[in-house]
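**Q** To start, I am sharing the structure in question, which I have written as structure tokens.
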Ligand SMILES: Cc1cc2nc3c(=O)[nH]c(=O)nc-3n(C[C@H](O)[C@H](O)[C@H](O)COP(=O)(O)O)c2cc1C
């Protein structure tokens, strides 16, 4: 399951869905209304395009959907990006929409729940909510790209984060060069 909420960076969700589709991974997608807004404000993609990448899409308000029950078997869920509001809903078990209900079910069924949280700076409420969600079993994976693969384009930065999400679900990819110690040509950092 892929939940997309109104944190900055819906491009992460677009790249994730494109890569999952390429690999024929079955995806169940829920977009929040704020995610639809950030897609419009921050990218050149349409909501229709993003939804077309998923095997199945759901209405944010439809808490009767199949994915709102633990009896519907999944490999887990990623919320990408995960707003601080949605993080708060996960941390408090306040499941009043399908993203939050599916996340709650994922935790109760002890399946992987990856939260690609996006905000900066964090206040204590955000930090406390991340702590509570992590204690409940969620994997907190901030949208915080690394630089060890020497990115030169924005897509490489985005793909490094998306690659780390795929790593969490054991999906093979080569979206970024994994760190395996300094390579020939890297500066000698030893004494
Ligand atoms: C362009 C834009 C960028 C935003 N970026 C963030 C962000 O990075 N993190 C965040 O927590 N909220 C961000 N927000 C605010 C959320 O979209 C807002 O709190 C919303 O109610 C979240 O609802 P949702 O979690 O149901 O999608 C942003 C809003 C807009 C319009």
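None of the figures in this text is laboratory data; all of them are computed from the coordinates on show. Keep in mind the model is a prediction, meaning the values are calculated, not measured. So basically every Cβ, Gly included, is an ideal-geometry build from the backbone, and we count neighbours across all protein chains shown.
**Q** For residue 73 and residue 174, what does the FRET efficiency come to when R0 = 22 Å and r is the distance between their Cβ atoms, rounded to the nearest 0.05? Kindly include the intermediate steps, with their values, before the conclusion.
**A** Details: r = 29 Å, r/R0 = 1.31.
FRET efficiency, residue 73 to residue 174: 0.15.
**Q** Would you mind calculating the relative contact order of region 2-168 from Cα pairs under 8 angstrom and at least 6 residues apart, reporting the percent as a whole number?
**A** For region 2-168, the relative contact order is 24 percent.
**Q** Separation of region 130-191 and region 70-101 by C-alpha centroid, Å?
**A** Computed from Cα coordinates, the inter-centre distance equals 23 Å.
**Q** Add -39500 (n - 2.57) for each DSSP H run of 4 or more in the chain, then divide by its residues: what number comes out at 222 nm, to the nearest 500 deg cm²/dmol? Please list the in-between numbers first.
**A** Numbers: 7 runs with 76 residues, N = 191.
That comes out to -12000 deg cm²/dmol.
**Q** Let me ask another. Could you give the angle, 0 to 90 degrees to the nearest 10, between helix 98-108's Cα long axis and the longest principal axis of the Cα atoms of the chain?
**A** 80
**Q** Rounding to the nearest 10 and keeping the result within 0 to 90°, find how far the Cα-based axis of helix 154-168 lies from the longest principal axis of the chain.
**A** In the chain, helix 154-168 runs at an angle near 60 degrees to the longest axis.
**Q** So what's the angle, to the nearest 10 degrees on a 0 to 90 scale, between helix 10-22 and the longest Cα principal axis of the chain?
**A** 90
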